[in-house]
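Structure, as structure tokens:
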Amino acid sequence: MSRRPDVKNAADAALTYRYDGSFEGFLCCVFESYTSHEIPTAIIGPDAPEGSLFDVKEISTDEEHAARVARSIPARISPAADDLLRHAFLTCLPEKELVMLRFLRQGYRYGARFLSFASNEEVWRLTEAVKKMLHEAHLLKGFIRFSDQGGVLVTTIGPKNFALPFLARHFAARVPEERILIYDENHHAALVYRPYESAVIPMDDFRAAPPDEEERKFRALWRSFYDTIEIVPRHNEKCRMTLLPKRYWRYMTEFTKDAPPEMERIGTGA
Amino acid sequence: MDTMEKLRILSDAAKYDAACTSSGAQKSAGRGGIGSAEAVGICHSFAGDGRCISLLKVLQTNACVYDCAYCVNRRSNDTRRASFAPRELAELTIAFYRRNYIEGLFLSSGVSGTPDAATETMIETLRILREEYRFSGYIHAKAIPGADAALVRRLGMLADRLSVNIELPSGASLQRLAPDKTKAAILGPMGLIQGGIHESRDLVRFRHAPRFAPAGQSTQMIVGATNESDRQILTLTSALYTRYQLKRVFYSAYIPVNEARALPPVGTPPPLWREHRLYQADWLLRFYGFSSEELFDKTEGRLHPYLDPKCHWALRHKEIFPLEVNRAPYELLLRVPGVGVKSAWRITRARRAAALTWDALAKIGVVTKRARHFLVANGKRYYAAPAAKEDLLLDLMSPRERALYRQETAPVRQLSLFEEEIPTLSPVERKELSCLAAPM
């Protein structure tokens, strides 16, 4: 801190930024940090509970300020840094905004070579967080289980990171003629696809209809295949849990059971 | 028989094939079609044994005229037989694929009539998928030894990957346990497939020319059914990679499924550790620039039972260590225990910006626990000085390896006075272990 004459010392700057949760909003926090010569101790989104210990400064999103900061990142650091930052914003890294701000302040100082500082804390934390997010997106490409609901393929997922945007291209290339809905219940958003366009939209809730007879048949076939393919003398629970973490199980056909048809009819009040 | 029953029988009969990868091809469905492939491969689930489930792995039929001693589907076994009609299997594949259960189909077959007839049925299944459903997802097909060359060609034009299982790593074992197959019958199609792949590589200048098995060729060897040594197996593996340009060799720890005099009795646990060591060695051959000869001392026939073959190699070449991580060439970095392909590449990139410290190495992904014995960073050893000489071996082991080592060698160490009365390691193994504890 002492090496940065443009920044007030930590005690003076003990304050919280609150922004609207958008990437542009975050860029405005960066703008504010520079124009006010201060580094906040926390940056919180609109829904976060208010901490009483620090002053809270409301940062309103100004398109022009955001655009200025957005232009500066590829120009003064590098396009790769810009990429890293935009990806990092979608991760579940705790206090990601603060880490990203510290990343930028150093990045502006060192320029393009900053990203190859292997022992820099911020570079490492953002890179790791993005790596984990892309890994989660990769796992989801396999672990997602669709149900055919009147010709539309629907599913619910509960990922830690906001991975939906990374699934669109994959499923468009895989089943281009289908209509798809992937609902992310942790981030209350959905990826919707129909030939040949896709969008990620906010969605409060989604509940799939009970499976019809054909859907039940294929689910049962898949469960039977899953159980049969194991070589029992090689059973290895730890290995399975490492490769297929338990938090995915409750969304996957092979680990869930269908209620008998008559139960579902009662359940839905039909 | 309904589809459920067939699926149960025909996936149960196919499960001993280790390969389930969907890697090596990159493509997406055209409009009106279905199916894509990612070069890295995608696992859709993991079975209770921890193996990846990527493909619908089934046999077209488990009826077979052959009588291979190691095989569940051999003629003389009293098991239920079933067959998929080509259209039935194609429909099932598409229904699973749409629901994102699988990445594609892994199709093999028993030989119910002639090898040609069996191959023709498989071809019909794949034809329906490719032509009628316009399915461009991943298909791995098994070539059947003895099938006509023209049919193997046709199969290869429809599949992404073709394979022929070697099963037994020597001609002698093959003759004893699979009297209906010969080494030539297996290597024949393998050469044929390799020829096909080559020809079609020359053709790809024309962008839309159909490609022959674009994801290449693989094979499988059963480990532990017969008495070939690790050295023999890896020498063969190495030859398959260079001579036949195989993409993968899979190893399958033998699980006795039949009573046969020439085989381990039913109930013998599969040699999983040995299989694990062979895979470790296989990786060293494919990605780390090792040759199969380097992995063994002059007299050794097997890989070290308690140590990763890379650690074992490093301990036998103490003259080149420790390496300065800021100067060592990439090829040598690859040989350092605890440094993988990715971290070696990251080291070469990161050290251009700034000299690397141990902290940076940890962040790059180097396993400092192992690498600290073999590297210096900026002239500095890792802050925790290397362990005492005899602990070095233990320190290089993973917790599981350490447990195995303690369990299997404890009697030898504690009761050395009564050596001849207790089960012990072979002289070669004991020599190996004692030389490992020597100073570096």
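Key figures
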item	result
Answer from B:D49, B:D17 - the residue that is within 12 Å of chain A (Cβ to nearest Cβ), farther than 27 Å from A:D148 by Cα and touching a Phe, Trp or Tyr at 6+ places or on another chain (Cβ under 8 Å)	B:D17
Failed criterion for A:N236 (all others in (1) over 25 Å from the mean Cα position of the chain (by Cα); (2) more than 8 Å from chain B (Cβ to nearest Cβ) hold)	(2)
Boolean, B:L295 is more than 15 Å from the chain's Cα centre (by Cα) and of a type outside the set (D, E, K, R)	yes
Some residue of the stretch B:334-341 being in a helix (DSSP H, G or I), over 24 Å from B:L394 (Cα atoms) and not aromatic (F, W, Y)	yes
Hits in the stretch A:173-201 (condition: under 20 Å from A:Y251 (Cα atoms), among the small types (G, A, S) and surrounded by fewer than 20 Cβ atoms within 10 Å (Cβ to Cβ))	A:A189
Residues that are under 18 Å from the mean Cα position of the chain (by Cα) and in a loop (DSSP other than H, G, I, E, B), drawn from the stretch B:161-183	B:V164, B:N165, B:I166, B:L168, B:P169, B:S170
Yes/no for B:L92 being closer than 14 Å to B:K142 by Cβ and either in contact (Cβ under 8 Å) with a residue 60 or more places away in the chain or surrounded by fewer than 17 Cβ atoms within 10 Å (Cβ to Cβ) (or both)	no
Test result for A:D82, touching a Pro at 6+ places or on another chain (Cβ under 7 Å) and free of Cβ contacts under 8 Å to residues at least 60 places away in the same chain	yes
Conditions (1) assigned to a loop (DSSP other than H, G, I, E, B); (2) within 14 Å of another protein chain (Cβ to nearest Cβ); (3) in contact with a Leu (Cβ under 9 Å, 6 or more places away or on another chain); (4) small (G, A, S); number of the one not met by B:A344	(1)
Per-region count, the stretch B:380-399, residues part of a helix (DSSP H, G or I) and either at pLDDT below 85 or surrounded by 12 or more Cβ atoms within 10 Å (Cβ to Cβ) (or both)	8
Identity of the residue in the stretch A:85-126, of a type in the set (D, E) and in contact (Cβ under 8 Å) with a residue 40 or more places away in the chain, that ends up nearest to A:N186 (Cα to Cα)	A:E95
Criterion: surrounded by fewer than 24 Cβ atoms within 10 Å (Cβ to Cβ) and modelled with pLDDT of 90 or more - qualifying residue of B:S136, B:S170	B:S136
Every residue from the stretch A:152-198 that is part of a strand (DSSP E or B) and in contact with a Pro (Cβ under 7 Å, 6 or more places away or on another chain)	A:D184, A:A189
The stretch A:167-226 - residue that is more than 14 Å from every other protein chain (Cβ to nearest Cβ) and of a type in the set (D, E, K, R) and, of those, farthest from B:L92 (Cα to Cα)	A:D204
Residues satisfying the stated conditions in the stretch A:86-145, i.e. more than 25 Å from B:S343 (Cβ to Cβ), of a type in the set (A, V, I, L, M), assigned to a helix (DSSP H, G or I) and within 14 Å of chain B (Cβ to nearest Cβ)	A:L140
Count - residues of the stretch B:98-118 that are more than 25 Å from the chain's Cα centre (by Cα) and not in a loop (DSSP other than H, G, I, E, B)	5
Single unsatisfied condition, B:E5 versus (1) outside any loop (DSSP other than H, G, I, E, B); (2) farther than 26 Å from B:Y254 by Cα; (3) at the interface with chain A (Cβ under 8 Å from one of its Cβ atoms)	(3)
Only listed residue being surrounded by fewer than 24 Cβ atoms within 10 Å (Cβ to Cβ), touching a Ser or Thr at 6+ places or on another chain (Cβ under 9 Å) and of a type outside the set (K, R), chosen from B:V58, B:V72	B:V72
Scan of the stretch A:154-166 for residues that are within 13 Å of chain B (Cβ to nearest Cβ) and more than 17 Å from A:A209 (Cβ to Cβ), ordered by number	A:I157, A:F166
Candidate set: the stretch B:49-89, residues that are closer than 20 Å to B:Y101 by Cβ, assigned to a loop (DSSP other than H, G, I, E, B) and in contact (Cβ under 8 Å) with a residue 40 or more places away in the chain; chosen: the one nearest to the chain's Cα centre (by Cα)	B:S54
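Residue-by-condition table, conditions (1) at positive phi; (2) at pLDDT below 90; (3) facing chain A (nearest Cβ under 8 Å):
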| position | (1), (2), (3) |
| --- | --- |
| B:A25 | no, yes, no |
| B:A29 | no, yes, yes |
| B:I34 | no, no, yes |
| B:C43 | no, no, yes |
| B:V65 | no, no, no |
| B:R81 | no, no, no |
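The values are calculated or read from the model by the stated rules, or taken from the named source; none is laboratory data. Because the structure is predicted, anything quoted here is derived from the model rather than measured. Every residue, glycine as well, gets a Cβ built from its backbone with ideal geometry; the counts of neighbours run over all protein chains shown.
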